[in-house]
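Read-outs: derived from the displayed coordinates by stated rules, not from any lab. None of these values were measured; they are calculated from a predicted model. Backbone-built Cβ (ideal geometry, glycine too); neighbour counts: all protein chains shown.
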Amino acid sequence: MKAIVCTKYGPPDVLQLKEVDKPTPKDNEVLVKVHAASLNAADLDYLRGRPMVRIGGLRKPRYKILGSDIAGRVEAVGRNVKQFQPGDDIFVDLSVCGFGAFAEYVCVPEKPLALKSASMTFEEAATLPQAAILALQGLRDKSQIQPGQKVLINGAGGGVGTFAVQIAKLFGAEVTGVDSTEKLDMVRSIGADQVIDYTQEDFTKSGQRYDLILDVVVSRSISDYKRALNPKGVLRMVGGSMARVFKAMFLGSLISRSKKMSIVMWKPNKKEDLVFLTELFEAGKIVPIIDRCYPLGEVAEAFRYLEEGHHQGKLVITIDSKKNEFP
Ligand SMILES: NC(=O)c1ccc[n+]([C@@H]2O[C@H](COP(=O)([O-])OP(=O)(O)OC[C@H]3O[C@@H](n4cnc5c(N)ncnc54)[C@H](OP(=O)(O)O)[C@@H]3O)[C@@H](O)[C@H]2O)c1
């Protein structure tokens, strides 16, 4: 099969389209023919070999085929697999079971798999597992978003942010989306009541206060967040600089007892959440924002675009065996 292989950390140029052995499912696994995969900002950490990911592979990547989110069709099942059969369409986040999204086939344990709705394209389904789950769990769990609350999404125009804006609106919040200039029309179009251009204005200095801030990029200091939160406000940190995240988590509660600052402790592939997101999609209540689709052979190009930061919403890899030719 064809796959994008990563044998060393580095820029997107290190990625190579290669012919590798098609995997064989173990007893508890299914073999999935991958139809679409999506890129997440976290995939860049694995490509670049950022400190956190080196715990699993100090000098070179532990997993040679990167990529977390896929949607595809079950082609074969191991002898102990009970819930899936060949022909089932599924979607899943592979970051907890060995990665391998950027390939024509991947073997996956049956447990994390969820059935894809027939009303979703493979491309749409591949956008959901990591980004939409982070948005949903970040807003709902612990922070317990409530109708009428003032909610700010920092990084509203990216993968997690575009789902977060839509989900916060569904929970009845008044939503402010913060991102760069060229993304703001799109952020408004998916439901944000207000938008702020972070290149022009600092949301922590506007005098506005929020009940809940979901921060995808954690770009401010603890005292900035404190100023931007209502007395009982909550900061939920999805990603960003680890130094800032840990500072806010450990020092935040010392500085202000009533304002809670915590990391989103993500529960990937939680079945009820994937079913809930599927129902929202089927009811037309959330729409994945897909900026561009790339063929498998152009994964490196997709990473370059992701790294430049101009993408709006999600980037998708469409894996069509007939078109995955070597250049
Ligand atoms: N907590 C967990 O358990 C967990 C699990 C998996 C992943 N993660 C993390 O979750 C994050 C997911 O990010 P994503 O995929 O949504 O990334 P993304 O698609 O790159 O979106 C980030 C958005 O933030 C914007 N941005 C950059 N700097 C900003 C600033 N200073 N102020 C406001 N907006 C800014 C970017 O726009 P411009 O580039 O135009 O500025 C972009 O639109 C990653 O950091 C990942 O590591 C967390």
For a quick check: with amide H placed at 1.01 Å from N, whose amide H comes under 5 Å from I263's, ignoring anything fewer than 5 positions away on the same chain? M237
Taking R0 as 41 Å, what FRET efficiency do you get between E201 and E307 from their Cβ-Cβ distance, rounded to the nearest 0.05? 0.95
How far, in nm, would the chain grow between M1 and K60 when pulled straight, counting 0.36 nm per residue and subtracting the alpha carbon separation? 19.0 nm
Name all residues of region 110-136 having a backbone nitrogen under 14 Å from the label point set 7 Å from the Cα of E282 along its Cα→Cβ direction, giving them as ranges. 115-121
Please compute, over every Cα-Cα pair in region 185-293, the percentage with a separation greater than 18 angstrom. 61
How would region 1-160 be classified by its alpha-carbon gyration tensor: rounded, prolate or oblate, with rounded meaning a/c under 1.5 and the a/b versus b/c comparison settling the rest? oblate
Cα gyration tensor shape for region 116-164, rounded if a/c is under 1.5, else prolate or oblate: prolate
How high is the relative contact order of region 131-263? Use alpha-carbon pairs under 8 Å, at least six apart in sequence, and give a whole percent. 21
Could the peptides 157-165, 99-107, 292-300 be put in order, highest first, of the mean number of other beta-carbon atoms found within 10 Å of their residues? 157-165, 99-107, 292-300
For each pair in K2/K169; K169/K226; K183/K267; K142/K205; K111/K226, compute the distance between the two Cα atoms and list the pairs where it is over 30 Å. K2/K169; K111/K226
For a quick check: with amide H placed at 1.01 Å from N, whose amide H comes under 5 Å from L17's, ignoring anything fewer than 5 positions away on the same chain? V5
Could you tell me how far the Cα centroid of region 176-240 sits from the Cα centroid of region 119-175, in Å? 14
What ranking do 180-191, 6-17 get when scored by the average of other Cβ atoms within 10 Å per residue, highest first? 180-191, 6-17
Compactness of region 131-263 - radius of gyration and Dmax, Cα, Å: 13.1, 39
Report the full-extension gain for the segment Q16 to Q144: residue separation times 0.36 nm, less the Cα-Cα distance, to one decimal in nm. 41.7 nm
Between T181 and T121, what length comes free when the chain is fully extended (0.36 nm per residue of separation minus the Cα-Cα distance, one decimal in nm)? 18.6 nm
Sequence-separation-based contact order of the chain, relative, with Cα cut under 8 Å and 6+ spacing, percent: 18
Candidate lysines - alpha carbon under 19 Å from K8, same-chain residues fewer than 8 apart omitted: K18, K60, K64
Based solely on C-alpha atoms, express the radius of gyration and the Dmax of the chain in angstrom. 19.8, 61
Under the Karplus curve 6.51 cos²θ - 1.76 cosθ + 1.60, θ = phi - 60°, whole-Hz ³J(HN,Hα) for region 14-25, x wherever Gly or Pro sits: 6, 7, 10, 7, 9, 8, 10, 5, 6, x, 10, x
For region 186-198, in residue order, the Karplus 3J(HN,Hα) values (coefficients 6.51, -1.76, 1.60; θ = phi - 60°; whole Hz; Gly and Pro = x) are 5, 4, 5, 5, 9, x, 4, 6, 10, 10, 10, 8, 5
Show that you can apply the helix-only estimate: for the chain, add -39,500 (n - 2.57) for every DSSP H stretch of four or more residues, divide by all residues, and state [θ] at 222 nm to the nearest 500. -7500 deg cm²/dmol
